[in-house]
Every structure is written in structure tokens, then in C-alpha cells.
1. Can you tell me which residue among A:G364, A:G373 is of a type in the set (G, A, S), surrounded by fewer than 18 Cβ atoms within 10 Å (Cβ to Cβ) and not assigned by TED's automatic domain parsing to the domain that holds A:S430?
2. For residues in the range A:324-356 being closer than 21 Å to A:D411 by Cβ and either modelled with pLDDT under 95 or surrounded by fewer than 21 Cβ atoms within 10 Å (Cβ to Cβ) (or both), which is nearest to the other protein chains (Cβ to nearest Cβ)?
3. For A:I227, indicate whether it is buried (at least 24 other Cβ atoms within 10 Å of the Cβ) and among the aliphatic types (A, V, I, L, M).
4. Might you check whether a residue that is within 11 Å of chain A (Cβ to nearest Cβ) and surrounded by fewer than 19 Cβ atoms within 10 Å (Cβ to Cβ) occurs anywhere in the range B:125-133?
5. Run down A:L184, A:L236 and say which single residue is surrounded by 22 or more Cβ atoms within 10 Å (Cβ to Cβ) and under 24 Å from A:H403 (Cβ atoms).
6. Hey, could you check the range A:275-290 for residues that are more than 9 Å from every other protein chain (Cβ to nearest Cβ) and closer than 16 Å to A:L474 by Cβ and say which is surrounded by the most Cβ atoms within 10 Å (Cβ to Cβ)?
7. Does the range A:405-416 contain at least one residue that is in contact (Cβ under 8 Å) with a residue 12 or more places away in the chain, outside any helix (DSSP H, G or I), within 28 Å of A:P149 (Cβ to Cβ) and in contact with an Asp or Glu (Cβ under 6 Å, 6 or more places away or on another chain)?
8. Can you say whether A:G256 is surrounded by fewer than 24 Cβ atoms within 10 Å (Cβ to Cβ), touching a Ser or Thr at 6+ places or on another chain (Cβ under 7 Å) and within 14 Å of chain B (Cβ to nearest Cβ), as far as the supplied structure shows?
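The values are calculated or read from the model by the stated rules, or taken from the named source; none is laboratory data. Computed from a predicted model, the values in this text were never measured in an experiment. No Cβ is skipped: glycine too gets one built from the backbone with ideal geometry, and neighbour counts run over all protein chains shown.
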Amino acid sequence: MRVWVPLDAAARALGADAVAETLGREFTVTRNGTRGMIWLEPLVEVERDGVRYGYGPVGPGDAASVAEAIRTGGEHPLALGPVEELPWMKAQSRLTFARVGMIDPLSVEEYEAHGGLAGLRRAIGIGPEKIVEEVTGSGLRGRGGAGFPTGIKWKTVAGAKAPRKYIVCNADEGDSGSFADRMLMEGDPLVLIEGMAIAGIATGAVQGYVYIRSEYPDAIRLMEAAIGKARQAGILGPSVLGSDHAYDMEVRVGAGAYVCGEETSLLNSLEGKRGVVRAKPPIPALEGFLGRPTVVNNVISLASVPWILTHGGAEYAKLGIGRSKGTIPIQIAGNVKYGGLFEAAFGMSLRQIIEEIGGGTASGRPIKAAQVGGPLGSYIPHWDFDVPFGYEELATKEGLLGHAGITVFDDTADMLKLARFAMEFCAVESCGKCTPCRIGSVRGVETIDRIAQGDETGIPILTDLCNTMKWGSLCALGGFAPFPVMSALTHFPEDFRGCREPRPIIKSREAAE
Amino acid sequence: MTSPAIDADFLLRLDEIIAAHKGREGPLLPILHDIQAEWGHVPEEAQPRLAEALGMTRAEVYGVVSFYHDFRDHPHGRHVLRLCRAEACQSMGADALAEEVRAALGIDWHETTPDGRLTLEPVFCLGLCACAPSAQLGDRLLGRANLAKVRQLVAEAGMEAGA
């Protein structure tokens, strides 16, 4: 009997290793990725007659009784029934995450048995130009936050003349509330490899790099192991799946700088330099890594490509709304009852996502706001939750899709403190190249501290400062840090006014790393 | 807690690390990661040698080492406890937890316990945002962390190390 216990970092953080050890004494345990239902982790599954039955959340203390229930087929209070039938699973359109949680992440055979490599095979068959056409036709846009059309980026690199080109995967997923990249790299690393190989064939790049943040040791280990497996299977190497195309790749590890999630800063870091942002132009598609044409795409963008090549770009473009095509892995996090990853077509309202799917707050208190799109995303107040989840749609609420992470806060949240954190984070993580970000963020912290001490003359100064940072910064760090600050100030002015009761003075550089 | 003296062994090992990466595109970060894995920090003495080997100035190498949060100029305690400080963890009480942990350990951020056993570091996001607040100690991760769980994690790490 085959038993599954996730190896995903979130499952491990909730005791999955101990559970796997206990169950491993009796059964053949496979470590899979997570299904994304983090509130049910560790989620133990057992396969009977081709159907996978779940138990969860199985803490280390429950492992022995679950083992007995599996052995005897008896009832157990943590039994969930067939996992695929759970409402959370049934309501999704899992394209990019189809195999995450399903298979052994390091088994090429299982990967292939579940539809893997079909996209790469078709890509080899149709050739570079048609690949770019499919990706362009899919309407896929950068899932890292900027939302730039992936097909156009590829076309630029494909058309550039250079002795050597590169595919760089941005796996520097530093946004709080986001874990889609981590979950994918831990649960189905081969799909990212396949997507990057397709990008390599489409653009004529023979070398790829996955730049993974050092805070993700599990993802680093699994990606490296998967690359080894892919080389053995002939997916990577001088002849990709026996074709005339050569493509290989390796993992590079970041060193704790948030700003390296910005593509030009990431390229400098890959080159072994300070992770300082570069001015654009030149765009990385023409002068990227080591000055050569480079595709820089986010993990989810690249991992969506194999599905698009398998089923066709038109099929992908049928999903979604407006200019937001296809599916988006929504990460529901923070103070929420049912947190996890939910892949769905664009277009659900924030209210549906947070209240229906997420089940409201974990604390049981009313929701105050949700920060969408990471630390540089706006705080969207609960009364604006009817906005549809899409790039342009969120922009109408001064919001940012970002990496599609949603962090929920209940009514105890102090918006002034969160605004201060955003400024302080920007100050600590600024690469220092441009003045609005480097100096503005420090002044921002000081000004918010003044407001916290009851000096309301600081409010117009903060507003003006945010405007300067927004329009004067070189990259999204300084340019978007004003969004959480201004959204907090605009929607929750009561948290900024009448601060007559002196608050404890926060020591600088304490909140962020 | 000083850097290793520049002896033959140190230079030999350093040259091995440099040689292992020198042919790669952009070798400096992989080299620095290996140096830190070897000595627990990036000894200042290594920097001129790196500069020479990679055709960089000492200032450029120092600039890189000092830019990244991960690279330290001095060793930390035997174990490093990292508490996430990011927004998702804040929404679940990370600030209060951090205060409790600092009080319980008697150390502030970036400090090491007097016995040299444990260093406390903040971290911005471990990607465990759906089971916040989170903590990390070596290979061990903690979701829905509270003071009791953190204490247990620290105690277990101490036992494993025989400390």
C-alpha cells in the first residue's frame, strides 16, 4: 500500500517529517509536494484502487492512530475521504500545479505518466517561431509581478543576434504572503526545467540559471536533484530529448537581498556583483546576463509554458478576464482560516477568495484589510473586496497583483505600524542606487514616527514624500513602497490621526532584517 | 571569535574553493557561499586573495560581501534561530512572539547567548505564510509557532549538538 506524506516546507514546519518516520515503519512512504491545503497539513494520503484518500491535519501525535486506520481500513476522526473530491480541490483549475502533490517530485517516470514532457516534445516538433507564437497567443504575462507579456519578451531574445543567450528564472520569491514558487519547486521541479528548456529552444539559449533565494533551502535541494535527474533522462544536455537543441541549466543561490527579485539587480547578483539595480534601457532581453540577450522570467511564468505547449495557447487564453488570461495560483495567507494555494482562472473577486475560499480570519475577528501582492502591494480595505482578481482590475483600486499573494489582517491590525514597516523594509533593502528610495524611505520612517507621536503636520509631508518616491525611483522597490503606505493612510486615516497616546518608540532596524 | 590565522591550511582550502568555481559564469557568490559554509563567516583575510584570483579590486570584493545580508564578517553561535518578521507572520502575532522569545533567551536581534550556543536573527519570509508565524533553526522549520514550540525547538537542537 502506498502512503504519501508531503515534503513541502510548510508540511515539514507542521511536523510532516516525524509523521513520515512513524508511517514509514509500516508502509512505503512517498514524499510528495503539498496539495496546497496548508490548514490540512500534514496531509497524509493513502492510495486504494487508484483513489487517494486523505487524513489531515495529522500531527506527529496522530501518526500511530492514522497508521492503524490505514492498516485496518477503519474509521478515523481525521479521515477526509477522497482528496480529489474535497471542495477546495474541485473548485480549482489546476493547470500549472496539476502535478504538485500528486507525484514524487523527483521521479521522471511519474512526471511523464502525468502528462510531463508532452509540451517539450511538441515544442521540439514545431520549432522556435511557432513556440513563440503559442506563448504569445496564450496571453501569458509575467507572474512575478510586472505582468509583461511573456511571448513578446521571448520574441525579442529570439531575434537578438549574439554568440550566447540565457534563460534566467527568477526564483527570488521574497514577497511575504507568497509561496507559489517555493511550492512548485518543491512539488514539481521538473515542470520548471521543462518550461526553461522550451524557452531555451524558442530563443536559441543553451544555458539557464535558476536564481533561488537562500531562505528556501528545501527548494534549492530539490531543484538541484531534479536537474540531475533531468540530465540522466536526456531532458537536459547537448541534445534535448534527442533533438538538435542543446540546453542545460544550474541553480544559483541568492544571499538574502530582497532587491535581487528585481530583474536587473538579479542579473548583477548572478554575475557576482552587488545586487544594484541597472537603469533600463538596455533591456535584459537585449543586454542581460554578462551583457548578452537574456530571458528573465518568474518561476510560475516558465512553469505554465509546458501546459500551454501541450494544449495550445488558444486553450489557455480561453480562461481569465480582460487582459488577464489563463490561471493564477492565488496564495491565501496571514490571518486566514483556510490558508494555502488555490489555482483558478483570473476573475474571482477578492471577497470570494478571502471569505469563501479562505473562510475569513483565523482569529475569528472581522477582517480589516488584505495586502495583495507582497510588501510593496496596497492594503485593500474590506469594503473594496468586490474587485475582480486581475492585473488591470486591481489597478483600479490602486492595487497590485504582484505575485498573487494575499495577506489577510483582522481588525486588530495597526495600519500606522504596517505603513512604518513598509518604509523601514524599503530602507533596509534599498540597493542604494537612487536617492528617492535610499533617502526617501529613511525619511519616511522618521515622518511616520512623528505622526505616531501625535504630530499630524507629518501627514502631508508623508504624502508628498510618497509621491516623490513613486515617480522618482529607479525600480519597483522605491516606486511601490508608497503603495502600502498611502493605501493604509488613505483608507484608515483614524490609525494615523489623534495619536495622542504616545506609542512605544520602535527601535529602527528591528522590524526588518 | 576572530578570523582564522592566515596559515597554509587556510590558504590551501581557500584556493580549492576558488578553483572549484573559477570557470563558472559569475563565480563570486558561489565562492562566498562555500567560504561561509567552511568557516562560518567570510574572513577578511580571504578577500584580497579572492580579488586577485578573480581580477577584481579588493574594494569590489568587499562591496559584494557587505551588500548581502547573508554574508557575515564574524561567526555566529552554534545554532541560529530565525524568526520571520514579515507581514503575513505579523498578522498572526509575530511581533508579540518575537518579544517573548527575546525575553526568554535574554538576547536581542543579531546577538548570541553568552555560552555561544544560539544566535537570534530576524528573517524576511520563509514562504510559510499560510501557517504563520514561522521560525527556522538549522534544517528544522516551525509553523504556527508559539513560545512553547520555539523553546522545544531550541532545546532539541541543544541535545542534538550535545550541548
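1. A:G364
2. If we filter the range A:324-356 for residues that are closer than 21 Å to A:D411 by Cβ, which is where we start, we get A:332-339, A:349-356.
Okay, now just the ones that are also either modelled with pLDDT under 95 or surrounded by fewer than 21 Cβ atoms within 10 Å (Cβ to Cβ) (or both), so A:337-338, A:349, A:351-352, A:355-356.
On the way: A:K337: 11, A:Y338: 9, A:S349: 20, A:R351: 18, A:Q352: 18, A:E355: 16, A:E356: 16 Å.
So, considering only residues that are closer than 21 Å to A:D411 by Cβ and either modelled with pLDDT under 95 or surrounded by fewer than 21 Cβ atoms within 10 Å (Cβ to Cβ) (or both), the one nearest to the other protein chains (Cβ to nearest Cβ) is A:Y338.
3. For A:I227, the condition - buried (at least 24 other Cβ atoms within 10 Å of the Cβ) and among the aliphatic types (A, V, I, L, M) - is not met.
4. Checked against the condition, which is being within 11 Å of chain A (Cβ to nearest Cβ) and surrounded by fewer than 19 Cβ atoms within 10 Å (Cβ to Cβ), the range B:125-133 yields no hits at all.
5. None of the others qualify; the one that does is A:L184.
6. Initial filter on the range A:275-290 (more than 9 Å from every other protein chain (Cβ to nearest Cβ)): A:277-288.
Subset that is closer than 16 Å to A:L474 by Cβ: A:277-284.
Working: A:V277: 26, A:R278: 19, A:A279: 10, A:K280: 12, A:P281: 8, A:P282: 12, A:I283: 18, A:P284: 24.
Among them, the one singled out is A:V277.
7. Yes, some residue in the range A:405-416 is in contact (Cβ under 8 Å) with a residue 12 or more places away in the chain, outside any helix (DSSP H, G or I), within 28 Å of A:P149 (Cβ to Cβ) and in contact with an Asp or Glu (Cβ under 6 Å, 6 or more places away or on another chain).
8. When the stated conditions are applied, A:G256 passes them.
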